[in-house]
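Quick one: structure below, then a few questions.
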Amino acid sequence: MRTTVRSGIVILLLGLPPFLRTQAMQLPPDVEKLSAIAKETVEVKMDGPMLRWASKFLSAEDPDERKAAKLITNLKGIYVRSFEFDKEGAYTSAEVEELRAQFRPPVWSRVVGVRSQREGDNVDVFFKLEDEQMAGIVVIAAEAKELTVVNIVGPIDVDQLSDLGGEFGIPKLNAKTLPKSPIKSVAKADKGDQK
Amino acid sequence: MKSLRVLTLLLCASTVAAAGDHEFRSVVHSIESAYNVHHMHLPLLGVALFFARPAGVGGLKLAVFEGLKTPTDTADVTRVIESSLGPEWHLFVKVRSKGETAGETTLIYASPAGTHMRMLIVNVEPSEATVVEFNLNDRAIKKWMKEPGEEADNHSTHSHRAEQ
């Protein structure tokens, strides 16, 4: 699941520069306070115009790059916030729950929820649906010493997302493990949270 | 004739470092004013930057400050830097690391312009600061997009080499 987080971050980075003054990621106050105690806080922000500018550098002749350009062009922004701590237990499960609570139905659907008792790694992936189209993805990765939130805003085709695998340093994504459509994803999420 | 070429190269390379554009000089000046410090004079910096630059990178400028006495925090550093930059500069990455006595802040700004992009990287540590600005051409941008992590490492290594 770390690969998912990494992929999100790399998707951000591939787009190159970003922008802040529009739609920054809002974190609950208690989570925002974590930056005071974190060993390292990383914030990455990219907005739509910058992503569209970056997409111009992808070749229209290369099929994979063309698909990637199409995906990036439609995005409104990509935001990442990551906190790294010196020791375990720096943040509470209640603080993470407060973060997760921002992404509630009917607007948001949790499509992936991973709980690792042994490693203590918890990952949640939320899809935002608008008019039966996926309009955003949020990934929350809570590890023992690290908390990462990735927010991709804009229409996203999951099939296109898997096409990015192997490009721009993004690991190959197994299309079979990705939800085929947002609607199916919601149904899956409703049946059982834990995967 | 060879001496003339070398002299011309030295002059050109020095000009790259010394000329700088408005924003770079303004950022350097802001740091000097805010933290009561002066950037160091590094002999033959222009030559070093000319030879140390990675492919596709041009207009490399570097300023190093030592002996910062005022404690800095990320919000303060961001405010100081952004007071010198125009709206075309976008904050891309902000990193705050907590040290034992004071923190370290790294800010990466980008300014896209047609087929190239200007990048400004500011790093402020408890006792020293570094400002680097450079242009990436379209080939370098494509390389960044192909292997972003590797390219970031390359730029970091080259900047450190030039600084030394």
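What does a probe at B:S26 reach in region B:63-92, counting residues whose amide N is under 18 Å from the point 7 Å along Cα→Cβ?
From region B:63-92, the list is B:63, B:77-92.
Follow-up question, since we're still on this one. Could you tell me which GluC sites (Glu not before Pro) in region A:40-92 are loop residues by DSSP with no more than 13 other beta carbons within 10 angstrom of their beta carbon? It would help to have the intermediate numbers written out before the result.
Details: sites: A:E40, A:E43, A:E61, A:E65, A:E84, A:E88; in loops: A:E61, A:E88.
Sites meeting the loop and neighbour criteria: A:E61, A:E88.
Please compute the net charge surrounding A:P29, taking Lys and Arg as +1 and Asp and Glu as -1 over other residues with Cβ under 11 Å from its Cβ. Show your work: numbers first, answer last.
On the way: positive: A:K33; negative: A:D30, A:E32, A:E95, A:E98.
Here the charged neighbours net out to -3.
Return, ordered by residue number, the residues of region A:110-141 whose backbone nitrogen is under 19 Å from a label point located 7 Å along Cα→Cβ of A:I37.
A:120-122, A:141
Dividing the convex hull volume of the Cα atoms of region A:26-163 by its residue count, what figure in Å³ per residue is obtained?
On the way: hull volume 17.5 nm³, N = 138.
Normalising the Cα hull of region A:26-163 by residue number yields 127 Å³.
Mind grabbing the accessible area of A:S109 for me, 1.4 Å probe, Å², rounded to tens?
Near enough 20 Å² of accessible area.
Calculate, for A:Q133 and B:R139, the FRET efficiency according to 1/(1 + (r/R0)^6) with r their C-beta to C-beta distance and R0 30 Å; round to the nearest 0.05. Write out the running numbers ahead of the final one.
Working: r = 36 Å, r/R0 = 1.20.
The formula returns an efficiency of 0.25 here.
Over 22 Å between Cα atoms: which of A:K33/A:K87; A:K67/B:K94; A:K39/B:K94; A:K87/B:K69; A:K128/B:K94 fall into that group? Spell out each step's value before the answer.
Numbers: A:K33/A:K87 16 Å; A:K67/B:K94 29 Å; A:K39/B:K94 14 Å; A:K87/B:K69 30 Å; A:K128/B:K94 26 Å.
Distance filter (> 22 Å) returns A:K67/B:K94; A:K87/B:K69; A:K128/B:K94.
Taking only C-alpha pairs under 8 Å that are 6+ residues apart, what is the relative contact order of region A:25-155 in percent? Before the final figure, lay out the partial values.
Details: 233 pairs, mean separation 32.6, N = 131.
Averaging sequence separation for qualifying contacts and normalising by length gives 25 percent for region A:25-155.
Now a separate question. Would you please name the trypsin sites (Lys or Arg not before Pro) within region A:43-142 that are DSSP coil residues with at most 13 other C-beta atoms within 10 Å of their C-beta?
Values: sites: A:K45, A:R52, A:K56, A:R66, A:K67, A:K70, A:K76, A:R81, A:K87, A:R100, A:R110, A:R115, A:R118, A:K128; in loops: A:K56, A:K76, A:K87, A:R118.
Sparse-neighbourhood loop trypsin sites (Lys or Arg not before Pro): A:K87, A:R118.
Further, regarding this structure: Give me the extension gain from A:A94 to A:A144: residue separation times 0.36 nm, minus the current Cα-Cα distance, reported in nm with one decimal.
On the way: separation 50, 0.36 × 50 = 18.00 nm, distance 1.43 nm.
Length difference between fully extended and current span is 16.6 nm.
Total accessible area buried between chains A and B, 1.4 Å probe, in Å² to the nearest 100? Intermediate values should be presented prior to the final figure.
Values: alone 10750 and 9690 Å², together 18020 Å².
Between A and B, the summed buried area is about 2400 Å².
Let me know the whole percent of all Cα-Cα pairs from region A:97-153 that are separated by more than 16 Å. Intermediate values should be presented prior to the final figure.
Numbers: 663 of 1596 pairs.
Summing the P(r) of region A:97-153 above 16 Å gives 42 percent of all pairs.
Near A:F103, within a Cβ-to-Cβ distance under 10 Å, what is the net charge of the other residues, with Lys and Arg +1 and Asp and Glu -1?
Residues near A:F103 contribute +3 overall.
Taking 41 Å as R0, compute the FRET efficiency from the Cβ-Cβ separation of A:N74 and B:N36 and round it to 0.05.
Working: r = 48 Å, r/R0 = 1.17.
FRET efficiency, A:N74 to B:N36: 0.30.
Right, another one. What is region A:37-98's relative contact order, in percent, from Cα pairs under 8 angstrom and six or more apart in sequence?
On the way: 66 pairs, mean separation 30.7, N = 62.
Dividing the mean separation by the residue count of region A:37-98 yields 49 percent.
The values are calculated or read from the model by the stated rules, or taken from the named source; none is laboratory data. Computed from a prediction, not measured in an experiment: that's the story for all the values here. Cβ coordinates were reconstructed from backbone atoms using ideal geometry, including for glycine residues, and neighbour counts include every protein chain displayed. Remember, those area values only see protein heavy atoms, side chains included, never the ligands or the DNA or RNA. Shrake-Rupley method; radii C 1.70, N 1.55, O 1.52, S 1.80 Å.
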